[in-house]
Structures are given as structure tokens and as C-alpha cells.
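Some notes on the structure that comes next.
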């Protein structure tokens with residue numbers, strides 16, 4: 001259970017544009033369902049101020065825009081200034097569309113000491129494949145210019161790829177490409193957990209074995225090449241899983257981190273701690289209505305995320321021991337499926 005005043009971390013969508021109003025048309029868009037069911041709305045300054053009155057103990061905020069900061073960079077810039085005045089650290093995440101124009105507006109007159117990073121969701125450095133994944137041309141040269149601009153301001157750039165089978169072969173090339181351009185931080189995501197229930201042929205999910213192999217290789221690479229990396233653990237051995245439960249308990253990870261997501265909508269400040277569980281458990285609330293109410297973010301009775309099967313896809317579910325994507329046997333060892341844990345204290349060091 002979590003109370004509103006306990007919320008420490010925030011992911012903020014500055015409106016309800018959804019996919020239909022975005023600059024891109026990503027074939028694996030995580031906003032697709034949301035965009036179909038919500039009318040366009042641009043958030044207001046008054047809503048941001050009210051939001052901070054309701055959750056005054058927020059320490060850091062990821063500003064995602066509406067649903068990308070290239071849509072409303074001036075408003076995102078104002079939000080960042082307001083939050084920084086409140087002592088909140090901010091970070092930004094963008095597709096990279098219209099990158100150099102967006103970054104100059106986004107970071108204008110901000111105290112860079114309060115900016116954790118500027119991330120770009122670049123899934124491949126193959127320009128043709130990137131255009132296909134985004135449904136629109138994202139100029140790698142423009143993104144490179146924006147990265148250079150960040151480095152000039154001493155704002156840490158981050159590359160945030162999502163891996164599907166269609167682009168999984170290029171992950172090392174992508175890392176090398178951006179290391180050469182001064183990026184020292186990468187955050188890899190697994191496609192099946194980023195886009196809920198995607199059934200498009202070109203977006204086949206990675207298998208657990210493929211993800212474990214790529215994760216281990218990138219972790220080793222980060223140590224040898226001295227760069228920072230975030231990667232969801234996703235699958236754990238029995239020993240790792242037992243240690244994980246002792247550290248995290250039987251609640252969803254965002255609760256342990258006192259984390260939530262908020263969309264500025266016309267009639268509400270819609271909040272949910274996990275967009276995946278929102279789809280299967282209707283875990284969403286109006287922030288205004290939970291003044292004293294505790295939110296129960298318990299996961300299933302078995303301790304597994306109830307969204308796992310849908311996210312992993314039918315092919316991966318069929319590989320699991322019970323057909324629900326909860327447990328797998330990989331190379332003779334049992335693995336347990338978990339939430340997207342980035343910070344679990346395992347025996348392979350992660351650099352931040």
C-alpha cells in the first residue's frame with residue numbers, strides 16, 4: 001500500500017495526445033491504445049501546480065511531453081523550471097524527432113545542476129531500419145547535433161534503445177557508434193515489455209534466452225569499456241530470485257521506489273504506477289480523489305506479474321513451464337520471470 005504523500009518519483013505526460021497526435025508513428029508504440037481512447041488535450045500550468053500540491057514530496061521527475069517533448073517543448077521547459085524551483089530533479093526522454101530544435105527550447109535557461117539526463121530512444125543506427133521502426137524519418141545527424149549540444153551544456157545524454165528481434169543484431173554497433181560521439185550511458189529495454197500486446201509480425205519478441213544472452217554481453221561490455229548501463233533483469237535464476245524477493249518483497253517495484261505516472265487530462269490528473277498493470281487490472285486513479293486513500297499495488301497471489309503472459313506474447317508463453325511466462329528452463333537451469341528490475345543487487349556490477 002502507498003499513500004500519495006509517499007510518492008517520490010514521477011513520470012509525467014504533459015497531456016493526452018497519445019499516438020494519434022505524436023510526431024512519429026512508431027510501429028511498437030506504447031501509447032497506441034491510450035491514444036485511441038483519449039481525446040487530445042494539452043495540460044496547463046495550473047494542473048502542474050495542483051499536482052505538486054497533491055504530491056509535494058516528489059524528488060525527481062521524468063518529463064515525457066505530450067507524448068514526446070518535441071510536441072510541446074515550450075511547455076515542457078516551463079514544467080522543468082517550475083519543478084526545479086521546487087527542488088525537484090528533472091530528466092527528459094525523446095524520440096529524437098526534430099532533435100536540435102527541441103533540445104534548444106527544452107533546456108533554455110534551465111539550471112543544468114538539476115538535470116539528470118536527456119535521453120533519446122534510438123533503437124538502431126541503421127537509418128533505413130530506424131525510419132521503419134519510427135514510421136517517420138528520425139535524422140541520426142540531428143540527434144548527433146543534439147547530443148553535442150547537451151555535452152556543451154554539461155547535460156548528460158543517454159541512448160535508450162528498445163530491442164525486438166528485428167533490430168537485435170545491431171546492439172553492439174549502436175553502442176560503439178554513440179561511444180564515439182561522447183555518450184557514456186545506455187538504457188536498453190526489451191520490446192515485449194514496452195509495447196503491450198503487440199502482435200505485428202515485424203515486432204517479434206526476443207526469447208528469454210536471447211534477452212539473457214544480450215544482457216550479459218552488454219553488462220560485460222560496459223565494464224570493459226567503462227560506460228553506464230541500465231538493463232531490466234527480467235529473468236532470474238532460483239538463487240537470484242530468492243535474494244530478489246528478500247530485497248523487494250511481494251509488491252511491484254515502482255511501489256518500492258515510491259514511483260507513479262501521471263497524465264494531465266481535461267477532467268483529471270490520471271495516475272497509475274504501471275502502464276502494463278493498468279491494462280490488466282485497471283490500476284489507475286484520479287490523483288485528486290485519493291487524498292487519504294491508500295493504493296493497493298499488490299501483484300498476483302503467485303508473486304508473478306499478471307501482465308507477463310500478454311506482454312511476452314504467445315510464442316514465449318508456450319516456451320514457459322506453465323504457459324503463463326512465469327518460469328522457464330534455459331540451458332538446464334530454471335529462470336523466474338520478474339518485473340523490469342534495473343537495480344537489483346546481483347553479482348554482476350552495474351555502473352550508473
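For region 185-201, the set of residues classified as assigned to a loop (DSSP other than H, G, I, E, B), crowded, with 18+ Cβ neighbours inside 10 Å and either more than 16 Å from the chain's Cα centre (by Cα) or at pLDDT 90 or above (or both) consists of 188, 198, listed by residue number. Name the single residue that is farthest from the chain's Cα centre (by Cα) among those in region 205-233 being surrounded by fewer than 18 Cβ atoms within 10 Å (Cβ to Cβ) and in a loop (DSSP other than H, G, I, E, B). Only one residue tops the list, namely 226.
Look at residue 61 and say whether it is part of a loop (DSSP other than H, G, I, E, B), surrounded by 20 or more Cβ atoms within 10 Å (Cβ to Cβ) and in contact with a helix residue (DSSP H, G or I) (Cβ under 7 Å, 6 or more places away or on another chain). The answer is no for residue 61. Within region 308-336, residues that are at positive phi and free of Cβ contacts under 8 Å to residues at least 24 places away in the same chain sit with their Cβ atoms under 7 Å from residues that are crowded, with 17+ Cβ neighbours inside 10 Å and not in a helix (DSSP H, G or I), at 6+ positions apart or across chains, in these pairs: 325/337.
Among the candidates 113, 141, which residue alone is more than 21 Å from residue 228 (Cβ to Cβ), modelled with pLDDT of 95 or more, surrounded by fewer than 19 Cβ atoms within 10 Å (Cβ to Cβ) and out of contact with any strand residue (DSSP E or B) (no Cβ under 6 Å at 6 or more places or on another chain)? Spell out the reasoning first.
Values: 113 fails: more than 21 Å from residue 228 (Cβ to Cβ).
The unique qualifying residue is 141.
Among residues of region 250-268 being farther than 30 Å from residue 156 by Cα and under 22 Å from the mean Cα position of the chain (by Cα), the one that is modelled with the highest pLDDT is 265.
Among the residues of region 75-88, are any closer than 23 Å to residue 184 by Cβ and not in a helix (DSSP H, G or I)? No; the residues of region 75-88 include none that is closer than 23 Å to residue 184 by Cβ and not in a helix (DSSP H, G or I). Residue 175 falls short on exactly one of the conditions (1) closer than 26 Å to residue 312 by Cβ; (2) under 18 Å from the mean Cα position of the chain (by Cα); (3) modelled with pLDDT of 95 or more, and that condition is (2). Within region 144-172, can you find the residues that are outside any loop (DSSP other than H, G, I, E, B), more than 19 Å from the chain's Cα centre (by Cα) and either within 21 Å of residue 103 (Cα to Cα) or in contact (Cβ under 8 Å) with a residue 40 or more places away in the chain (or both)? Once the filter is applied, which keeps residues that are outside any loop (DSSP other than H, G, I, E, B), more than 19 Å from the chain's Cα centre (by Cα) and either within 21 Å of residue 103 (Cα to Cα) or in contact (Cβ under 8 Å) with a residue 40 or more places away in the chain (or both), region 144-172 yields 144, 145, 146, 147, 148, 149, 150, 151, 152, 153, 170, 172.
Can you confirm whether region 121-135 contains a residue that is in contact with a helix residue (DSSP H, G or I) (Cβ under 8 Å, 6 or more places away or on another chain), in a loop (DSSP other than H, G, I, E, B) and without any contact (Cβ under 8 Å) to a residue 40 or more places away in the chain? No; the residues of region 121-135 include none that is in contact with a helix residue (DSSP H, G or I) (Cβ under 8 Å, 6 or more places away or on another chain), in a loop (DSSP other than H, G, I, E, B) and without any contact (Cβ under 8 Å) to a residue 40 or more places away in the chain. Scanning region 44-57 for residues that are part of a loop (DSSP other than H, G, I, E, B), at pLDDT below 95 and either in contact with a strand residue (DSSP E or B) (Cβ under 8 Å, 6 or more places away or on another chain) or at positive phi (or both) returns a single hit, 55.
In region 18-26 there is no residue matching the filter, namely being modelled with pLDDT of 85 or more, surrounded by 17 or more Cβ atoms within 10 Å (Cβ to Cβ), in contact with a helix residue (DSSP H, G or I) (Cβ under 7 Å, 6 or more places away or on another chain) and closer than 30 Å to residue 139 by Cα.
Among the residues of region 82-96, count how many are more than 13 Å from residue 60 (Cα to Cα) and surrounded by fewer than 22 Cβ atoms within 10 Å (Cβ to Cβ). Outline the logic, then answer.
Start the filter on region 82-96 by keeping residues that are more than 13 Å from residue 60 (Cα to Cα), which leaves 93-96.
Subsequent filtering for residues that are surrounded by fewer than 22 Cβ atoms within 10 Å (Cβ to Cβ) retains 93.
Residues in region 82-96 being more than 13 Å from residue 60 (Cα to Cα) and surrounded by fewer than 22 Cβ atoms within 10 Å (Cβ to Cβ): 1 in total.
The values are calculated or read from the model by the stated rules, or taken from the named source; none is laboratory data. As the structure is a computational prediction, the values presented were derived from the model and not from experiment. Cβ: placed from backbone, ideal geometry, glycine included. Neighbour counts: every protein chain shown.
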